[in-house]
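First comes the structure, then the notes that go with it.
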Amino acid sequence: MFYFKYKAYGRFGIRCHQDNMKAVILAGGESQKLVPITTDSRPKTMVYLMNQSVMERIINALPPQVDEVIITTDRGAETLSAYLNGRAKKRNDLRFKGKIRVVKEEKPFGTAGSVKLLEKEISDDDFIVLQSDVVSSVDIEEMLKVHKKKNAVVTVSLFKVAAAREYGIVAVDDSYRILKFIEKPKNDQLFSTLVNAGTYICSPLIFEDIIQHGYTDFARDVFPRLIRGGKPVYGYEFKGFWIDIGNFEKYKLAHKLLLERTMTFKIPSVTKARIVPPVLIGKKCKIGKSVLGPNVCVGDGVVIEDNCKIYDSVIWPGTTIGSGCLIRGSVICEKCRIADNVLIEETILGNKVAVSRGAKLTRGTRVWPSKRVSSDTREKEFIGAPEDFRL
């Protein structure tokens, strides 16, 4: 028996068998609304989500056809590249075993502009485009089957939402061919609750309609142009969940959704705590007689003393929490040191923050990395924020 490997397009543009693909992950743009979770030394792609970086989750979820990943970013390229290289060397940290490359852009080119710059490298076959700040239940392998069946120039993932105004909305026919596309519609333009969910499968033919003239966007520029030209643009609607983790509340909500989808966890740590599911506890943690949950994610190597209550919160690796603490609705980043009897409510602590005994951090407080919080802090504050910081 002989096995023949074909390109995605044979003579006359006929779709053929394809057993390998490239994936482009778009990781550019600022993440101001996640500061101080994100910093100059930690781009948004390295933010932890369920004890994995966002980028690792995306790469590990790629279908088996993908044999190369190209990540484009205009910030933190060196940091991200070093991080992924280190993770890839550790067994089982990255399921994907192909090539991973980070490409630094000297300036933002937009979603389509970034892909256009890679045209010579990815134009042989169909390829996948993904956003780095979206968490969803989309089944890319099933989406790929639909794309092939429809012989589409591009297939766009679609998700139904209640409030569609802040997204790109689409109208489709019975076959899910996209008839109309409007990015961030006005109130009198809300003709649909189906929105662009940010994952695309593209044929090389799409490059004919990506005009490189600076900043170019798929949703704003390319998709409407394809539709006006009568090109086959199709949608793939999926159920489950879809969320942009671009701010503090959505980041917490993403954890809640993911935790709820897997209610039972193996807990590979030493703990005497009462666990109220869903809770995820990382490796090598030491947890005393406290209450954890619901909706708590604890990273590797965390120490939690007795008589604490923690719920609706995310604790990153290496943090130590003293006895008698109450932590609610908060994100505590790596290697923080929290003394006894501390109250932390709806607060963000950056890496290596030290919180003094008896301190009360109230709703909306943000503490920048490596700062110390004294026990007399009583009100909402931005502790350690740079002078030019703006939400």
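The values are calculated or read from the model by the stated rules, or taken from the named source; none is laboratory data. None of the values given here were measured: they were computed from a predicted structure. A quick note on method: Cβ atoms are made from the backbone with ideal geometry, for glycine too, and the neighbour counts reach across all protein chains shown.
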| said: If I ask for residues that are under 15 Å from Tyr176 (Cβ atoms) and β-branched (Val, Ile, Thr), which ones from region 219-246 would you list? | reply: Ile227, Val233
| task | List the number of the failed condition for Lys335; all other conditions in (1) over 23 Å from Lys256 (Cα atoms); (2) of a type in the set (D, E, K, R); (3) modelled with pLDDT of 95 or more hold. | result | (1)
| task | State yes or no: is Gly198 surrounded by fewer than 15 Cβ atoms within 10 Å (Cβ to Cβ) and in contact (Cβ under 8 Å) with a residue 60 or more places away in the chain? | result | no
| Say we look at region 265-282 and pick out the residues that are surrounded by fewer than 17 Cβ atoms within 10 Å (Cβ to Cβ) and outside any loop (DSSP other than H, G, I, E, B); which of these is modelled with the lowest pLDDT? | Val270
| Quick one: would you say Leu158 is assigned by TED's automatic domain parsing to the domain that holds Leu34, more than 27 Å from Asp74 (Cβ to Cβ), surrounded by 20 or more Cβ atoms within 10 Å (Cβ to Cβ) and under 18 Å from the mean Cα position of the chain (by Cα)? | yes
| So which strands (runs of 3 or more DSSP E) stay within region 56-133 end to end and still have 1 or more residues that are loosely packed, with under 14 Cβ neighbours inside 10 Å, assigned by TED's automatic domain parsing to the domain that holds Ala219 and over 19 Å from the mean Cα position of the chain (by Cα)? | 99-104
| query | In the list Gly364, Gly324, which residue meets the criterion of being of a type outside the set (S, T, N, Q), buried (at least 16 other Cβ atoms within 10 Å of the Cβ) and part of a loop (DSSP other than H, G, I, E, B)? | reply | Gly324
| request: Give the residue, chosen from Lys186, Lys160, that is of a type in the set (Lys, Arg), at pLDDT below 95 and in contact with a Ser or Thr (Cβ under 8 Å, 6 or more places away or on another chain). | output: Lys160
| request: Would you check if there is a residue in region 368-376 being among the hydroxyl-bearing types (Ser, Thr, Tyr) and under 25 Å from Leu253 (Cβ atoms)? | output: no
| said: I'm trying to understand the selection: among the residues of region 337-355, which are among the hydrophobic types (A, V, I, L, M, F, W, C) and either surrounded by 24 or more Cβ atoms within 10 Å (Cβ to Cβ) or assigned to a strand (DSSP E or B) (or both)? | reply: Ile338, Leu343, Ile344, Ile348, Leu349, Val353, Ala354, Val355
| field | Checklist (1) at negative phi; (2) assigned to a loop (DSSP other than H, G, I, E, B) applied to Gly358, failing item | value | (1)
| note | Screening Lys272, Lys309 for residues that are over 21 Å from Leu349 (Cα atoms), assigned by TED's automatic domain parsing to the domain that holds Val353 and either charged (D, E, K, R) or in contact with an Asp or Glu (Cβ under 8 Å, 6 or more places away or on another chain) (or both) leaves only Lys272
| note | Apart from one, (1) more than 28 Å from Tyr48 (Cβ to Cβ); (2) assigned to a loop (DSSP other than H, G, I, E, B); (3) without any contact (Cβ under 8 Å) to a residue 24 or more places away in the chain all hold for Lys145; the odd one out is (2)
